[in-house]
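Visitor: Pasting a structure here, questions to come.
The numbers here are math on the coordinates, done by the rules we state, and not lab data. Bear in mind the structure is a predicted one, so any value in this text is a computation, not a measurement. Positions of Cβ are generated from backbone atoms using ideal geometry, with glycine treated the same way; all protein chains shown enter the neighbour counts.
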Amino acid sequence: MSVPESPDEGRRSGSATTAEEPALTLNALSRDVIGAAIEVHRELGPGLLERVYVECLAEALEDTGLSVAREVTIPARFRVRELEASYRIDLSIDERLVVEVKAAEDLHPVFKSQVLTYLEMANAPLGLLINFNVPQLVDGVERVAL
């Protein structure tokens with residue numbers, strides 16, 4: 001996962017980028033993901049299973065042309081060795097933004113730690129922790145950066 005070289009790099013759009021059309025900046029990318037999550041939440045509301053929100057959010061993001069990978073497996077490492085155990089990232093957007101979806105009563109601090117671990121293991125600069133089990137989604141979104 002790579003980081004844009006300059007703040008001016010990237011405005012729009014999606015996975016099919018060329019030299020003339022660079023990728024979205026991380027801020028713009030996270031804004032688009034949060035916007036799509038708000039749309040999903042408005043349509044479905046709180047109270048469903050996490051997997052439902054993951055699938056619906058992935059579909060909404062793919063509809064915008066973004067590159068979305070679901071359930072990305074990242075091997076766990078211990079003392080420079082890769083283990084058979086692995087981490088599963090709910091969504092990876094354009095190979096730069098990790099999205100962890102929850103449908104929990106509260107966002108526990110361990111959830112943020114989980115996203116930080118995913119960022120380190122995936123070498124990603126930014127993550128979003130999104131809890132759909134809230135009356136207004138804005139109260140369930142947290143940006144996480146290394």
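Visitor: Answer rounded, prolate or oblate for region 21-105, using the Cα gyration tensor with square roots of eigenvalues a ≥ b ≥ c: rounded when a/c is under 1.5, else prolate when a/b is larger than b/c, else oblate.
Guide: oblate
Visitor: Could you list which residues have their amide H under 5 Å from that of S67, counting only those 5 or more apart in sequence or on another chain, with H placed in the peptide plane?
Guide: When sequence neighbours closer than 5 places are left aside, the close amide H contacts are S15, D94.
Visitor: Calculate, for F78 and L49, the FRET efficiency according to 1/(1 + (r/R0)^6) with r their C-beta to C-beta distance and R0 41 Å; round to the nearest 0.05.
Guide: 0.85
Visitor: Residue-wise, which Karplus ³J(HN,Hα) couplings in Hz belong to region 41-55, taking 6.51 cos²θ - 1.76 cosθ + 1.60, θ = phi - 60°, and x for glycine or proline?
Guide: Karplus-based 3J(HN,Hα) across region 41-55 equals 5, 4, 6, 9, x, x, x, 9, 6, 3, 4, 5, 5, 4, 5 Hz.
Visitor: Where does each of 27-39, 70-82, 89-101, 124-136 land if you order them by average Cβ count within 10 Å, highest first?
Guide: The densest-packed peptide leads the list: 89-101, 124-136, 27-39, 70-82.
Visitor: S30: net charge of surrounding residues, Cβ under 12 Å, Lys/Arg +1, Asp/Glu -1, itself excluded?
Guide: Local net charge: 0.
Visitor: For region 115-125, in order, what is each residue's ³J(HN,Hα) by Karplus, 6.51 cos²θ - 1.76 cosθ + 1.60 with θ = phi - 60°, in whole Hz (x at glycine and Pro)?
Guide: Values per residue, Gly and Pro as x: 5, 4, 4, 4, 4, 5, 5, 8, 6, 9, x Hz.
Visitor: Give, as a single signed number, the net charge of other residues whose beta carbon lies under 11 Å from the beta carbon of L107, with Lys and Arg counted +1 and Asp and Glu -1.
Guide: Here the count lands on -3.
Visitor: Please rank K102, K112, fewest neighbouring Cβ atoms within 10 Å first, as an exposure proxy.
Guide: Ascending Cβ contact count within 10 Å gives the list K112, K102.
Visitor: Using modelled amide H (1.01 Å from N, peptide plane; none on Pro or chain starts), what sits under 5 Å from the amide H of V141, excluding residues fewer than 5 places away?
Guide: Close amide H contacts, sequence-distant or interchain: N131.
Visitor: Okay, moving on. If the chain between A145 and R88 were fully stretched, how many nm would it gain, using 0.36 nm times the residue separation less the Cα-Cα distance?
Guide: Extra length available between A145 and R88 comes to 18.7 nm.
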